[in-house]
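Participant: First the structure, then my questions, so here it is.
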Amino acid sequence: MRVLGIESSCDETGVAIYDTEKGLLGQALFSQIDMHARYGGVVPELASRDHVRRVLPLIRQVMDEAQTGAEQLDGVAYTAGPGLAGALLVGAGVARSLAFGWGIPAVAVHHMEGHLLAPLLEDEAPDFPFVALLVSGGHSLLLDARGLGDYAIIGESVDDAAGEAFDKAAKMMGLGYPGGPRIAALAQQGNPGRFRFPRPMTDRPGLDMSFSGLKTFTLNTINDLGGAEALSEQDRADVARAFEDAAVDTLVIKCRRAVEQTGHRRLVMAGGVSANGTLRERLASQMDKRGVRVFYPAPQYCTDNGAMIAFAGALRLQAGEQAALPIEVRARWPLDQLASL
Ligand code: ATP
Ligand code: MG
Ligand code: FE
């Protein structure tokens, strides 16, 4: 089965073709980051309009790359939520129109299920059940993933998402957007002991997380040093290091608990923050000690992309799922409300 996937939930237009026999045949991504940078964040209306501009040329490009004509496609998958409603509607409208015109089924994919399944694109794919840590720009979730579509939320952030905290801390330091990769790079040069940030919500039992306190701690530390403009390059690196250490330790502690609670021997991590090298290293070493195997996507599939949507869509189409007639998107859509297959 060969499926075209379209991702347009936020500020990336992603397109890919996945074949259940041959794997990924082609993919392309256009990021709007530069366009939104001058506004300091994503402007929803601009995002929607840019998806309109990009999506058809990207589809043509990917079909060429995959040497796939419409007659070779068995379905079209699209992100139906959660995300920006206008942006989602662009992908949904195009996907549904193409599927209708080509006479093939369409399938609505949950963006976070896309992230969650991205590690399954790798050669060594994890089997269910597993614990999943989803850490992205809008979500921080711990899941008990029991099967395809059968996800119980066992922990989540009570305030900011992990990626959001990286982005906000970076902004305070004048590092620009997206903050995650920039903080990660700077932290390499930072002294580990100079500042110590708290590990929020780790002093009591439970799997919920909180990241907004780290933001406040970052701001206070910057102010104590005389404000963002007064920071030396070393100050910045030291603050970045303290922030990253605290965020990573917090996530690792929660993962340790989730593995103990569920008894699962596999841990899957996905979403933009799962690209973080320090997180990968520390999680792997902690899980190694417990005989738990850690899986994560290749770096280009950690952040938003079309491949994860084509892949998740292919699995759902294979299981017989098909989008209902009305073209609907859901800006909010809890991950534990999916149809299990
Ligand atoms: P969601 O998937 O929740 O809707 P999103 O699609 O915006 O949100 P992703 O594209 O999965 O999120 O990830 C983007 C986030 O990942 C940003 O917050 C970014 O700062 C963060 N990120 C990317 N690379 C790294 C890194 N190396 N270290 C830490 N954070 C990172
Ligand atoms: Mg993005
Ligand atoms: Fe995402």
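Every number here is computed from the coordinates shown, using simple stated rules; none is lab data. Model, not experiment: these values are computed from the prediction. FYI the Cβ positions are ideal-geometry reconstructions off the backbone, even for glycines, and counts take in every protein chain you see.
Participant: Want the number for residue 322 to residue 85: 0.36 nm per residue separation, take away the alpha-carbon distance, what's left? Before the final figure, lay out the partial values.
Facilitator: Numbers: separation 237, 0.36 × 237 = 85.32 nm, distance 2.08 nm.
Fully extending the segment from residue 322 to residue 85 adds 83.2 nm.
Participant: What's the center-to-center distance, using Cα atoms, between segment 48-127 and segment 170-228 in Å?
Facilitator: Here the two parts' Cα centres lie 35 Å apart.
Participant: In segment 126-296, what percentage of the DSSP-assigned beta bridges are antiparallel, given to the nearest 5?
Facilitator: 60
Participant: Can you tell me which of 197-204, 268-275, 121-128 comes out highest on packing, and rank the rest after it, using the mean Cβ neighbours within 10 Å?
Facilitator: By packing density, highest mean first, the sequence is 268-275, 197-204, 121-128.
Participant: Further question on the same structure: For segment 126-296, what does the equivalent ellipsoid look like in terms of its semi-axes, each the square root of 5 times an eigenvalue of the Cα gyration tensor, given largest first in whole Å? Working shown, then result.
Facilitator: Values: eigenvalues 175, 42, 38 Å².
Over the Cα atoms of segment 126-296, the semi-axes work out to 30, 15, 14 Å.
Participant: Quick check for you: which residues of segment 204-246 have the amide N under 12 Å from the point 7 Å beyond the Cα of residue 158 toward its beta carbon?
Facilitator: 204-213
Participant: Using only the alpha carbons of the chain, determine the length spanned along each of the three principal axes and report them from longest to shortest in whole angstroms.
Facilitator: Principal extents (Cα only, largest first): 62, 46, 31 Å.
Participant: Report the antiparallel proportion of the DSSP beta bridges in segment 134-221 as a percent, rounded to a multiple of 5. Don't jump to the answer; show the numbers that get you there.
Facilitator: Details: 8 of 9 bridges.
Once the DSSP bridges in segment 134-221 are tallied, antiparallel ones form about 90 percent.
Participant: I've got another one for you. Per residue of segment 200-217, what does 6.51 cos²θ - 1.76 cosθ + 1.60 with θ = phi - 60° give for ³J(HN,Hα)? Whole Hz please, x for Gly and Pro, Karplus curve as stated.
Facilitator: Taking θ as phi minus 60°, the curve returns x, 6, 9, 7, 10, x, x, 10, 6, 10, 8, 10, 6, x, 5, 5, 4, 4 Hz for segment 200-217.
Participant: Moving to a separate point now. Can you tell me the alpha carbon radius of gyration of segment 208-341 divided by the globular rule-of-thumb value 2.2 N^0.38 Å? All intermediate terms of the calculation are to be shown ahead of the outcome.
Facilitator: On the way: Rg = 19.6 Å, N = 134, 2.2 N^0.38 = 14.1 Å.
Cα Rg divided by the expected 2.2 N^0.38 Å: 1.38.
Participant: With n ≥ 4 as the cut-off for DSSP H runs, can you work out [θ] at 222 nm for the chain, using -39500 (n - 2.57) per run divided by the number of residues, rounded to the nearest 500? Numbers along the way, then the final one.
Facilitator: On the way: 10 runs with 140 residues, N = 341.
Result for the chain, helices only: -13000 deg cm²/dmol.
Participant: Using +1 at the C-beta of Lys and Arg and -1 at the C-beta of Asp and Glu, which of 152, 126, 225 has the Cα lying farthest in the positive direction of the dipole of segment 126-296?
Facilitator: 126
Participant: Please report the projected area of segment 73-130's Cα convex hull averaged over all directions, in nm². Could the numbers behind the result be given before it?
Facilitator: Values: hull surface 19.7 nm².
That works out to 4.9 nm².
Participant: Next question, about the same structure. Considering only DSSP beta bridges whose two residues both sit in segment 9-120, what percent are antiparallel, to the nearest 5?
Facilitator: Numbers: 8 of 13 bridges.
If we restrict to bridges inside segment 9-120, about 60 percent are antiparallel.
Participant: With each pseudo-label sitting 7 Å past Cα toward Cβ, what's the residue 100-residue 31 distance in nm, one decimal?
Facilitator: With each label point 7 Å from Cα toward Cβ, the separation is 3.4 nm.
Participant: Give me the extension gain from residue 336 to residue 1: residue separation times 0.36 nm, minus the current Cα-Cα distance, reported in nm with one decimal. Spell out each step's value before the answer.
Facilitator: Numbers: separation 335, 0.36 × 335 = 120.60 nm, distance 2.68 nm.
117.9 nm is the gain from fully extending residue 336 to residue 1.
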